[in-house]
Amino acid sequence: MSVPTTSNGHPTVGMDDEFLKVVKATKRFGTTTVFENIDLVVNRGTVSCIIGPSGAGKSTLLRCINALERLSAGRIYVNGEIIGFREHRDRHYELTDKQAALQRSKIGMVFQRFNLFPHMTVLENIVEAPIRVLRQPKAEVLERARGLLARVGLSDKETSYPAHLSGGQQQRVAIARALALQPELMLFDEPTSALDPELCGEVLDVMKQLAHQGITMIVVTHEMGFARDVADDVIFMDGGAIVERGTPGDVLERPVEERTKKFLGSVLARAPS
Amino acid sequence: MAPLLGTGLTRALRQRHGGDPETSTSDEWVIKARPVPRPGRWIATVVVGLLIAMLVHGLVTNGTFGWGTVGHYFFTSLVLSGVRLTIILTVVSMAAGIVIGIVVAVMRMSPNPLMSNASRLYIWFFRGTPLLVQLIFWYNIGALYPKISVGIPFGPSFASFTSTHVLTSLVAALVGLSLNEGAYMAEIIRSGIMAVDAGQIEAARSLGMHQRLLLRRVVLPQAMRVVIPPTGNQVITMLKTTSMCSVIAIAELLYSVELIYQRNFETIPLLIVASLWYLLMTTVLSVGQYYLERHFGRGQITMLSLNMQHRR
C-alpha cells in the first residue's frame, strides 16, 4: 500500500492536524458536575471511541460538542472554530439562533433512539435539512439522498414511514440523514444501545464503512468489538473525567488504570466477543 | 373484547401477520365451535328496538311536532341568514381563538416568568368566568370605557373613537367568543406541543434547524395529531355556543327562529328547524375532522390506520 494509514487502516490524508479540540471543559447541571476539566484533541480523519460506565459524562460531552448543551466552563473548537460563540479580539459573543443552527449543521449526530421524524417518509427525512437549512437545489439533494440510501442498503425503503422499519433500518436512515448535510464531523451517541443484538451488526457495518472513508468520527459506545476493530483512539471516561486514553490495543488489552481494568472486566464478562 | 371493536382490529392484525390462517390449514382441522348463548343480548335488542319504534311512531303521529311547519320554515330567508351568521361567528372566532391559543401557549412555555404568568392569568380569567357574562360585558364595554383612543401609552393619542360605534353587537360577540376560545385552545395546543418527544427537537437542532423552522416543520405537524380531536370538539361546541349571542341581539340561527316563533307560536317546529341545521353543520364538521386526522396521522401505526388497512 502506498497510502500511509493509521493503526486501524484508515487513510491518513490531512491527518496530524487537530480537528476537534476540547480545552478545560466543565459541565454542571445545578450543583451536580457532569464532567470537569476535560482536555481532548481529535485529529482529522480519525475514529475515536468513548467508553465508560453510564453517568461518566460521555453523552453530555458529545452533546456539548454539537452545542445541544452549553459548557459551564472551557472551550470546544471544531476545525478551529469555537463552538457556541463568536470570537472577536479576545471577546466572546453569543451566537444568534440561526448562527448556532448553521454551526450545528456542520456536525452530524446520530442518537441512541434514532429520532427520525415520524410524519415524514424515509426520503423526506433525509432531504429535509439540506433543502430547508442549507437551501441546496432539490434535484441535487434528492440524488445525493438516493445515493446515501443505497450506501446504507435501504434503496427500497424510500417511501416508507419510520414506524414501518426495524430499529436497525431506522438507525441506518438516521445515519444517512446526518450524512446528507455532508458534515465534517460525525458524532454517534450509543447508536446500537436501543437495538436488538441481531440488528446491531448492520448498523456497525455502515459505521465501519464510513470510518474507512476517512470521515472524522466520535462514537460513544458499549460495543467493545467495534472499538477494537475500528477505532484509532479509545477514550475511557469515568466519574466526569478522562481516565485513560490510547490505541485500542493499549486501552482494551493492556489497561494501566485500575478503574479501566475493573470496567473492562465487568463488560467483557457480560458480553464475550 | 367488545365484538364491534374486536373484529376489525383482530382481522387487521391477522392480515399484518401474513395471510389468513384458515387457508393454510386443512379443512378437517378447522374448528366450528358453537357460539356462547347470549340471552342478554337478545333481550337488549328487543328493548332497544321497541324504544326506537315508539320514538318513530311518536314523531310521525304526534301532530305537535308540525313537520309541515318544519319543512315550510327550513329554507326561509330569515333562517338561512341566521345559519350564515352562525357560520361566520364560528369560523371567525375559532380562527382567532386558534391564533390566540398558539400565542398564549408559546408564552406559557416561555422561560420569561412575566410571559408565562401573564399567559396563566389570561387562561385563569377567561376559563374562570361564564361566557355569558363575558359576552354581556363586551356588549356594555362602552359604559366602562366611553372612548377608545389609539396612541402612545401614557402619551399623546392619534385617533379616538366612541366605543358604542366601534363595538357593535357583532364585534362584541366576536371579541367575546374569540378571547374565551383562545384560553381553551391555549391549553389544547400546549398539550399537543408537550406530547412531542424531546428527541425530535434535539434531532432537528442537530440537523441545523433554527427555532422557528423546527417549530413549523417538526413540532407543530406532530402536535397536530394530538391537537385535532379536542379542537374538533371545540369547533362543534363553538357552533352551538354561538347561540348564546342571542342575548346581545345577534340574529344568529337560534335568535332567528326565536323571532319567528314569537310571532306565530310554533315553538317546537321552529326549534326542530334550528336543531336540524345544527346537526347538519356538525355532521359536515365531523367528516372534515376525520380527513384532517387521517392526514396528520400519516406514518403512525394507530387503531385508525389498522382499520383502514382492513377495509381496503
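The values are calculated or read from the model by the stated rules, or taken from the named source; none is laboratory data. Only a predicted model underlies this, so the values are computations on that prediction, with no experimental measurement involved. FYI the Cβ positions are ideal-geometry reconstructions off the backbone, even for glycines, and counts take in every protein chain you see. When the accessible area is computed, the model is the full protein with side chains, heavy atoms only, and any ligands, DNA or RNA have been set aside. Shrake-Rupley method; radii C 1.70, N 1.55, O 1.52, S 1.80 Å.
Note on chain B: with a GNM built from Cα contacts shorter than 10 Å, the maximum mean-square fluctuation among B:Leu80, B:Leu121, B:Leu59 falls on B:Leu59.
Shown for region B:201-220: residues covered by the partner protein chains by 20 Å² or more of accessible area relative to the chain by itself (probe radius 1.4 Å), namely B:Glu202, B:Ala203, B:Arg205, B:Ser206, B:Leu207, B:Gly208, B:Met209, B:His210, B:Gln211, B:Leu213, B:Arg217, B:Val218.
Computed from phi, the 3J(HN,Hα) profile of region B:52-58 under the Karplus parametrisation 6.51, -1.76, 1.60 (θ = phi - 60°) reads 5, 4, 4, 4, 4, 4, x Hz, with x in place of Gly and Pro.
Across chain A, Cα pairs under 8 Å and at least six residues apart give a relative contact order of 25 percent. Model label sites at B:Phe125 and B:Arg212, defined 7 Å from Cα along the beta-carbon direction, differ in position by 2.9 nm. FRET efficiency for the pair A:Arg245 and A:Glu184, taken as 1/(1 + (r/R0)^6) with r the Cβ-Cβ distance and R0 = 22 Å, rounds to 0.50. A simple charge model with +1 on the Cβ of Lys and Arg, -1 on the Cβ of Asp and Glu and nothing else charged puts the dipole of region A:133-273 at about 340 debye relative to its Cα centre.
Each peptide in B:174-183, A:136-145 receives the mean, over its residues, of other Cβ atoms within 10 Å, and ordering these scores from highest gives B:174-183, A:136-145. Would you be so kind as to identify which of B:Leu131, B:Leu276, B:Ile188 lies farthest towards the positive end of the dipole of region B:73-293, taking Lys and Arg as +1 and Asp and Glu as -1 on Cβ and the Cα centre as origin? Going by the Cα projections, it comes out as B:Ile188. Extending 7 Å from the Cα toward the beta-carbon at both A:Leu134 and B:Ser77 defines two label points whose distance is 6.5 nm.
In chain B the Cα-Cα distances spread across 10 Å bins starting at 0 as 5, 16, 21, 22, 19, 10, 5, 1, 1, 0 percent of all pairs. Shielding by partners for peptide A:110-118, expressed as the average number of C-beta atoms from other protein chains within 10 Å of each residue's C-beta, is 5. Among the GluC sites (Glu not before Pro) within region A:237-268, those in coil by DSSP and having at most 14 neighbouring Cβ atoms inside 10 Å are A:Glu257. Put a plus charge on the Cβ of each Lys and Arg, a minus charge on the Cβ of each Asp and Glu, and nothing anywhere else: the dipole of region B:73-293 about its Cα centre is then about 500 debye. Most simply put, the protein assembly as shown has about 65% antiparallel DSSP beta bridges, counting only bridges with both residues inside it. Just the number, please: carbon plus sulfur as a percent of the accessible area of chain A, 1.4 Å probe, no ligands or DNA/RNA counted. It is 48 percent, rounded to a whole number. Solvent exposure of region A:163-273 amounts to 40 Å² per residue of accessible area, where only protein heavy atoms count and the probe is 1.4 Å. Summed over both chains, the area buried between B and A is near 2400 Å², taken from the accessible surface of protein heavy atoms with a 1.4 Å probe. With chain B treated as a Gaussian network of Cα nodes joined by springs under 10 Å, which of B:Met224, B:Met209, B:Met94 yields the largest mean-square fluctuation? The residue with the greatest mean-square fluctuation here is B:Met209.
Just to verify a number: FRET efficiency for B:Lys147 and B:Val103, C-beta to C-beta distance, R0 = 35 Å, to 0.05? The partial results should precede the final answer.
Numbers: r = 27 Å, r/R0 = 0.78.
Using R0 = 35 Å, I get an efficiency of 0.80.
Eight or more residues apart or on different chains, and alpha-carbon atoms under 17 Å: count the Lys pairs in chain A matching that.
Values: A:Lys21/A:Lys58; A:Lys21/A:Lys106; A:Lys24/A:Lys58; A:Lys27/A:Lys58; A:Lys98/A:Lys106.
Count of close lysine pairs: 5.
Let me confirm one metric for peptide B:292-300, namely the mean number of other chain beta-carbon atoms within 10 Å of its residues' beta-carbons.
Details: counts 0, 0, 0, 1, 1, 1, 6, 12, 5.
The shielding value for this peptide is 3.
Based on protein heavy atoms only, chain B ends up with 61 Å² per residue of surface accessible to a 1.4 Å probe. Counting Cβ atoms of other protein chains within 10 Å of each Cβ in B:122-131 and taking the mean gives 0. Here's the picture: a label point sits 7 Å out from the Cα of A:Arg254 along the beta-carbon direction, and within region A:217-240 the residues with their amide nitrogen under 16 Å of it are A:234.
For the ranges A:231-243, A:80-92, A:24-36, what's the packing order if you count other beta-carbon atoms within 10 Å of each residue, average per peptide, and put the highest first?
On the way: A:231-243: 21.8, A:80-92: 12.3, A:24-36: 14.5.
Per-residue mean Cβ counts within 10 Å order the peptides as A:231-243, A:24-36, A:80-92.
Taking only Cα atoms of chain A, what ratio of Rg to Rh do you get with Rh as the Kirkwood inverse-distance radius? That ratio is 0.96, to two decimals.
Within the accessible surface of region B:73-293, defined with a 1.4 Å probe on protein heavy atoms only, the carbon and sulfur portion equals 70 percent.
Pick out, in residue order, every one of the chymotrypsin sites (Phe, Trp or Tyr not before Pro) in region A:89-153 that is DSSP loop and has at most 16 other C-beta atoms within 10 Å; say none if there are none.
Details: sites: A:Tyr93, A:Phe111, A:Phe114; in loops: A:Phe111, A:Phe114.
Passing both the DSSP loop test and the Cβ count: no residue.
Annotation for B:Thr162 and B:Leu292: the two label points, set 7 Å from Cα along the Cα-Cβ direction, are 4.1 nm apart.
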